[in-house]
Amino acid sequence: MKEPRIEIEYCTQCNWLLRATWMSQELLTTFAQEIGELSLIPGKGGILEVRVSGELVFSRKKEGRFPEMKELKQIIRDKIAPEKSLGHSDKKDNNL
């Protein structure tokens, strides 16, 4: 197993494979040099969880929503490459 390992566990009953693969594509593109491994894990019961090296960093059930890609990239960056600039994804929203 290569570190850091990103895991995206998604619900097959909810047909969230497409969402999970899109998320993985975005993360692999953004963190091409930083990610050691990315795994998609089929699950059940409405699960959509993202883990970094075993640590849960986002849970759809806990948050009550899906992650925004900008938010997910910032969470992952802060865990695996805090010095990395995310360009436009680092800019603060004026509406917050």
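The values are calculated or read from the model by the stated rules, or taken from the named source; none is laboratory data. This structure is a prediction, so every number in the text was calculated from the model and none was measured. Neighbour counts run over all protein chains shown; Cβ positions are idealised from the backbone, glycine included. These area figures cover heavy atoms from the full protein model, side chains too; ligands, DNA and RNA do not enter into them. Shrake-Rupley method; radii C 1.70, N 1.55, O 1.52, S 1.80 Å.
So which residues in the stretch 48-66 are open to solvent by less than 30 Å² (accessible area, probe 1.4 Å) and touching a Lys or Arg at 6+ places or on another chain (Cβ under 8 Å)? Give the derivation first.
Applying the first criterion (open to solvent by less than 30 Å² (accessible area, probe 1.4 Å)) to the stretch 48-66 yields 48, 50, 52, 57-59.
Passing the criteria: L48, V52, V57.
Let me confirm something: among P42, P82, which residue is open to solvent by 60 Å² or more (accessible area, probe 1.4 Å) and closer than 13 Å to E9 by Cβ?
Details: P82 fails: closer than 13 Å to E9 by Cβ.
From the options P42, P82, the qualifying one is P42.
As for the stretch 42-54, it holds at least one residue that is without any contact (Cβ under 8 Å) to a residue 40 or more places away in the chain and either β-branched (V, I, T) or within 19 Å of M1 (Cβ to Cβ) (or both). When residues in the stretch 31-72 are screened for being hydroxyl-bearing (S, T, Y) and part of a loop (DSSP other than H, G, I, E, B), 1 of them pass.
Residues are listed down the side, and each one gets a yes or a no for (1) modelled with pLDDT of 95 or more; (2) in contact with a strand residue (DSSP E or B) (Cβ under 8 Å, 6 or more places away or on another chain):
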{"residue": "E7", "(1), (2)": "yes, yes"}
{"residue": "A20", "(1), (2)": "yes, yes"}
{"residue": "G46", "(1), (2)": "yes, yes"}
{"residue": "S59", "(1), (2)": "yes, yes"}
{"residue": "E68", "(1), (2)": "yes, no"}
{"residue": "Q74", "(1), (2)": "yes, no"}
{"residue": "R77", "(1), (2)": "yes, no"}
{"residue": "H88", "(1), (2)": "no, no"}
{"residue": "D93", "(1), (2)": "no, no"}
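Go through the stretch 1-20 and give me each residue that's surrounded by 13 or more Cβ atoms within 10 Å (Cβ to Cβ) and of a type outside the set (V, I, T). Once the filter is applied, which keeps residues that are surrounded by 13 or more Cβ atoms within 10 Å (Cβ to Cβ) and of a type outside the set (V, I, T), the stretch 1-20 yields P4, R5, E7, E9, Y10, C11, C14, W16, L17, R19, A20. For the stretch 55-87, the set of residues classified as of a type in the set (S, T, N, Q) and more than 12 Å from the chain's Cα centre (by Cα) consists of S85 only.
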